[in-house]
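I have placed the structure first, in the form of structure tokens, so that the comments after it can refer back to it.
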């Protein structure tokens, strides 16, 4: 599989890779001047290009062709409470990007154990996963926000679900999802959403759903929900 490189400013005429990407291209992959390679701007486009100067600090190129990534008729937005262990959250971000996700917002709930995030680190994980999976659209990762603030900034025309740990909850996510919609899924912390948060979510048309009989870790629940929504739309 061809290595995918990233230059976010391709549309503005930038014709060189950043230092890190240049080093990987020239030093690690040993590409030479005149060789073709593939880039993305992370905004939904691929660029076929040819290396002009194989400089490991500033690799320049000539764009030969630009074409869009195939679009899908649904959008997945996961809003999730950060896990206490940052490695688990990075794992979830990586896998969700590989499976297919459009946006991730980190929400601070009453039972959230980690009140801060290294968002820049998570964005690097998402970028690496985008390139690994040969995608051309970098998902939007938003800073940690209070749950109530997130509710007040919801877009319209979305199917809204809140995952709730409740053995008596009969509504599994897979049976409630309509194909070809925009989705928002809320996943709470290890201690789940509080009763008041669950009640408040109903005011914004969130449907309580189950993710199965087994009790899932927060990061597993996030990935599972993302996978279900992709499978329904496959």
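Residues that are within 29 Å of residue 193 (Cβ to Cβ) and in contact with a strand residue (DSSP E or B) (Cβ under 6 Å, 6 or more places away or on another chain): which helices (runs of 4 or more DSSP H) entirely in the stretch 59-154 hold 2 or more of them?
Helices (runs of 4 or more DSSP H) meeting the threshold: 119-132, 147-151.
For residues that are over 15 Å from residue 185 (Cβ atoms) and in contact (Cβ under 8 Å) with a residue 60 or more places away in the chain, scanning just the stretch 96-128, find the one that is surrounded by the most Cβ atoms within 10 Å (Cβ to Cβ). Can you show your working first?
Of all residues in the stretch 96-128, those over 15 Å from residue 185 (Cβ atoms) come to 97-98, 108, 110-128.
This time we only want the ones that are in contact (Cβ under 8 Å) with a residue 60 or more places away in the chain, so: 110-113, 127.
Values: 110: 16, 111: 14, 112: 21, 113: 14, 127: 17.
The extreme case among them is 112.
How about the stretch 28-55: which of its residues are free of Cβ contacts under 8 Å to residues at least 60 places away in the same chain and part of a strand (DSSP E or B)?
Those that are free of Cβ contacts under 8 Å to residues at least 60 places away in the same chain and part of a strand (DSSP E or B): 36, 37, 38, 39, 47, 48, 49, 50, 51, 52, 53.
Residue 234: modelled with pLDDT under 95 and outside any helix (DSSP H, G or I), yes or no?
Answer is yes for this residue.
Quick check: anything in the stretch 188-197 surrounded by fewer than 16 Cβ atoms within 10 Å (Cβ to Cβ), outside any loop (DSSP other than H, G, I, E, B), out of contact with any helix residue (DSSP H, G or I) (no Cβ under 7 Å at 6 or more places or on another chain) and free of Cβ contacts under 8 Å to residues at least 12 places away in the same chain?
yes
Residues 128, 81: which one is modelled with pLDDT of 95 or more and over 26 Å from residue 181 (Cα atoms)?
Sole residue among the options that is modelled with pLDDT of 95 or more and over 26 Å from residue 181 (Cα atoms): 128.
Kindly indicate the residue of the stretch 164-187 that is part of a loop (DSSP other than H, G, I, E, B) and in contact with a helix residue (DSSP H, G or I) (Cβ under 7 Å, 6 or more places away or on another chain) and also nearest to residue 81 (Cα to Cα) among those meeting that condition.
Of everything passing the filter in the stretch 164-187, 164 is nearest to residue 81 (Cα to Cα).
Kindly indicate the residue of the stretch 141-163 that is closer than 14 Å to residue 80 by Cβ and in contact with a helix residue (DSSP H, G or I) (Cβ under 9 Å, 6 or more places away or on another chain) and also surrounded by the fewest Cβ atoms within 10 Å (Cβ to Cβ) among those meeting that condition.
Going through the qualifying residues, I end up with 143.
Tell me which of these residue 87 doesn't satisfy, since it passes every other one: (1) surrounded by 13 or more Cβ atoms within 10 Å (Cβ to Cβ); (2) assigned by TED's automatic domain parsing to the domain that holds residue 193; (3) at negative phi.
(1)
Could you list all residues from the stretch 205-216 that are surrounded by fewer than 14 Cβ atoms within 10 Å (Cβ to Cβ) and within 21 Å of residue 146 (Cα to Cα)?
205 - this is the single residue of the stretch 205-216 that is surrounded by fewer than 14 Cβ atoms within 10 Å (Cβ to Cβ) and within 21 Å of residue 146 (Cα to Cα).
Based on this model, can you work out whether residue 22 counts as in a helix (DSSP H, G or I), outside the structural domain of residue 221 (by TED's automatic domain parsing) and either over 30 Å from residue 188 (Cα atoms) or out of contact with any helix residue (DSSP H, G or I) (no Cβ under 6 Å at 6 or more places or on another chain) (or both)?
When the stated conditions are applied, residue 22 passes them.
The values are calculated or read from the model by the stated rules, or taken from the named source; none is laboratory data. As the structure is a prediction and not an experimental result, all values here were calculated from the model. All Cβ positions, even for glycine, are placed from backbone atoms using ideal geometry, and neighbour counts span all protein chains on display.
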